[in-house]
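The values are calculated or read from the model by the stated rules, or taken from the named source; none is laboratory data. A quick note: this is a predicted structure, and the numbers were derived from the prediction, not measured. Here Cβ is always computed from backbone atoms with ideal geometry, including for glycine, and neighbour counts include all displayed protein chains. These area figures cover heavy atoms from the full protein model, side chains too; ligands, DNA and RNA do not enter into them. Shrake-Rupley method; radii C 1.70, N 1.55, O 1.52, S 1.80 Å.
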Amino acid sequence: MKPIKHLIKKTAILLIVLLLSTVLASGSGPESEISMLVIRRTDIMNEYFGGHILYKEAAERIEKIEKGRLLEEDLEAMKSFFQTDIEDVTDYKITKVDITDMDDTLICAVVTVDWQVWGTGGEESIEGIYSVIAEKCENSYKLVQFF
């Protein structure tokens, strides 16, 4: 009876170690970095266009995750399209992140997003496929392309 308890205990410990390793491994890497940036960008834009945050807060938050021309274009879009009939994103899910190129300073990827949007025609589902580039800035990455 004692050897069975010992075997069960060893098996449980092994399973916990494997589970923790899987969780830690899935939260790192270039795919995870790109997903996180796309999620943060989407959430900031959606909160701003939904009237939940002011321009100043949205701009400060977007500047932390974007740079260059993408940042300029997004800041301009926030000014231009505020309080218009832009579609509201009611839900979204990143379904695929394919890393197409990577080096010490850049991550290039193709990202697929399933969008649920509400607009003048009602609710609709849209699949978007985007070319995304993130550039290393100090110890983190910032989006420089999203189209």
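When you scan segment 73-96, do you find a residue that is out of contact with any Cys (no Cβ under 9 Å at 6 or more places or on another chain), more than 15 Å from residue 41 (Cα to Cα), open to solvent by less than 70 Å² (accessible area, probe 1.4 Å) and in a helix (DSSP H, G or I), even just one? Yes, some residue in segment 73-96 is out of contact with any Cys (no Cβ under 9 Å at 6 or more places or on another chain), more than 15 Å from residue 41 (Cα to Cα), open to solvent by less than 70 Å² (accessible area, probe 1.4 Å) and in a helix (DSSP H, G or I). Among the residues of segment 100-114, the one identified as open to solvent by 80 Å² or more (accessible area, probe 1.4 Å), closer than 12 Å to residue 141 by Cβ and part of a strand (DSSP E or B) is 102. Checking 60, 123 one by one, the residue that is open to solvent by 70 Å² or more (accessible area, probe 1.4 Å) and in a helix (DSSP H, G or I) is 60 and no other. When residues in segment 72-111 are screened for being in contact (Cβ under 8 Å) with a residue 40 or more places away in the chain and hydrophobic (A, V, I, L, M, F, W, C), 8 of them pass.
I'd like to know if segment 72-92 contains one or more residues that are within 14 Å of the chain's Cα centre (by Cα) and either charged (D, E, K, R) or closer than 24 Å to residue 139 by Cα (or both). Yes, that holds for at least one residue. Of all the numbered requirements in (1) touching a residue at least 40 places away in the same chain (Cβ under 8 Å); (2) within 16 Å of residue 130 (Cα to Cα); (3) buried (at least 16 other Cβ atoms within 10 Å of the Cβ), residue 40 misses one, and that requirement is (1). Among all positions in segment 4-25, there is no residue which is open to solvent by less than 80 Å² (accessible area, probe 1.4 Å), among the small types (Gly, Ala, Ser) and modelled with pLDDT of 90 or more. Scanning segment 63-72 for residues that are closer than 18 Å to residue 42 by Cβ and in a helix (DSSP H, G or I) yields a count of 3.
Scanning segment 132-147 for residues that are of a type in the set (D, E, K, R) and either touching a Leu at 6+ places or on another chain (Cβ under 6 Å) or not in a strand (DSSP E or B) (or both) gives 135, 138.
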